[in-house]
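**Q** Following this message is one structure expressed as structure tokens.
Rule-based calculations on the coordinates, nothing more; no lab input. Keep in mind it's a predicted model, so treat the numbers as computed, not measured. Because the Cβ atoms are built from the backbone with ideal geometry, glycine has one as well, and the counts that use them run over all protein chains shown.
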Amino acid sequence: MKSSIRHILTATAALALAAPLHAAPPTAPAAASGAPLRAALANRASGELSAFYADRDFQPLWLGADGAPRPALAALLAQVRSAAADGIDPATLPADELTLALDRAADLAPDNRARIELAASRLYAGYVWALRGAPRAAMIMAADAPEPPAPSNRAALEAAAAAPSLDRYVAAMGWMHPLYAPLRTALLAATTSPDQRRQLAANLERVRVLPQGSEGRYVLVDAAAQRLWLYEGGKPTGSMKVVVGKPASQTPAMAGMIRSAIVNPYWNVPPDLVAARLAPKVRTRGIGYLKTSRFEVLSGWTANATAIDPANVDWAAVASGARPLRVRQLPGGANAMGRVKFVFANAQGIYLHDTPEKQLLLKPARTLSNGCVRLEDAQRLGTWLMGTPLPRTPDQPEVELTLPRPVPVYLTYLTAFPTPTGIAYPAVQPSCR
């Protein structure tokens, strides 16, 4: 039996790990392995495993109807043995228990099969848990940013058992973000260069911060590729170009919750931009520049601040940074926010927003903003977030619309990205800040 199981594991490992994500139609779960195995599982299982197997009438998950290991078990063992790619010491995972169970399985007696089945479930649950705690890239997490907890052993097993195909689920590491397994496979490939391995390892740390499995709806902005993706049920359902921060004012890696859309927004010019860009233009072009560009100067940063005469402002002091000044651009026309901005609370003042400068979206390299994310199609994003098209309110400034349900947003830098033909390495690769 030892040699036959080894042969099956070896023969199926490569097939399982290389299984395409959307190749064949889902296969039905393995048939029941008989009352003797169910009884053996009932006797051996305890705690969360007992509850999990009881709910499935003690049917095996990792063994087929003939008692032989399924391809998913080979894929799992291969992943655990290469867990260093995940930043995990393989020695900390309970693979020895499963290996010992396989080595001692001299026949297909129900008790031996139960030992293999339970050892596989413990190994799988331990690996899923370890991946949740593996090293992650730094990301600014807003106070309301969602951080999914590590699943219980039972929850992890239930997710695997619910997959249309356990073999494809394990091979694709379905409990992780869908970008994870292709990047990991590339990292382990013999043809990958040392520089690419370092880059892939860094990107795996970034992907480990992203939602895992088939969790909900969320927006993903990849600042390296200058694209935005709409995710639903763990799959991208739409994409658009974006403009992101310049190298000197990069879009930060961060996560938050989009809670509202503001139609016809003001643009509150950041004080550093007032000093560095706007004040020098006023000094060279005169006060008329403000009126032509639809800027107004306010008395302060409170909600009841009033407009003041820009002729009474010491613009030299503003330009030097000695006098902070609140300036905002009125809605409409060339307003830098365009027709709408999408708000998620963050101390960095980052928004997703429309833009009047549509020509920038035609450029191949779109690292051109001061940190915010300018959208190719703000109306389409608004419809996706709200479930209905955004209203047109041309005469009303700052119309705030609350989303029916807050939607998470993640801003990251993926300098290695899976494509149908392999891993792409974007030509523009700003460092993540």
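**Q** Using 0.36 nm per residue of separation minus the Cα-Cα distance, give me the extension gain between residue 360 and residue 248 in nm, one decimal.
**A** 38.5 nm
**Q** Mind giving me the nanometre distance, one decimal, between the label points for residue 347 and residue 99, set 7 Å out from Cα along Cα→Cβ?
**A** 4.7
**Q** If a helix is a whole DSSP H run, which ones in the chain reach 30 Å or further along their own axis (Cα) and hold a mean Kyte-Doolittle hydropathy of at least -1.0?
**A** 110-132
**Q** How big is the equivalent ellipsoid of region 267-329 along its three axes, where each semi-axis is √(5λ) from the Cα gyration tensor, reported in whole Å from largest to smallest?
**A** Ellipsoid semi-axes (Å, largest first): 16, 13, 11.
**Q** HN-Hα J couplings of region 214-230 from phi, Karplus 6.51/-1.76/1.60, θ = phi - 60°, integer Hz, Gly and Pro as x?
**A** Result, ordered by residue: 9, 5, x, 10, 7, 9, 10, 9, 9, 5, 5, 8, 6, 9, 10, 10, 9 Hz.
**Q** Report the FRET efficiency, 1/(1 + (r/R0)^6), for residue 138 and residue 55, where r is their Cβ-Cβ distance and R0 is 30 Å, rounded to 0.05.
**A** Calculated transfer efficiency: 0.15.
**Q** Further question: Figure the gain on full extension for residue 309 and residue 162 (residue separation times 0.36 nm, minus the Cα-Cα span) and round it to one decimal in nm.
**A** Stretched out fully, the residue 309 to residue 162 stretch lengthens by 46.3 nm.
**Q** Put a dot 7 Å past each Cα toward the Cβ at residue 395 and residue 147; how far apart are the dots in nm?
**A** Result for the modelled spin labels: 4.9 nm.
**Q** Now, a different point. Using Stokes-Einstein with the Kirkwood hydrodynamic radius over Cα pairs, what translational diffusion coefficient do you get for the chain at 10 °C and a viscosity of 1.306 mPa s, in µm²/s rounded to a whole number?
**A** 64
**Q** In terms of Cα to Cα distance under 18 Å, which lysines are near enough to residue 341, apart from those fewer than 8 places away along the same chain?
**A** Of all the lysines, those that pass the test against residue 341 - Cα under 18 Å, at least 8 places apart if same chain - are 241, 358.
**Q** Normalising by the residue count of the chain, find the relative contact order in percent from Cα pairs under 8 Å and 6+ residues apart.
**A** 17
**Q** Tell me, what is the FRET efficiency for residue 272 and residue 294 to the nearest 0.05, using R0 = 25 angstrom and their Cβ-Cβ distance as r?
**A** For residue 272 and residue 294, the calculated efficiency is 0.75.
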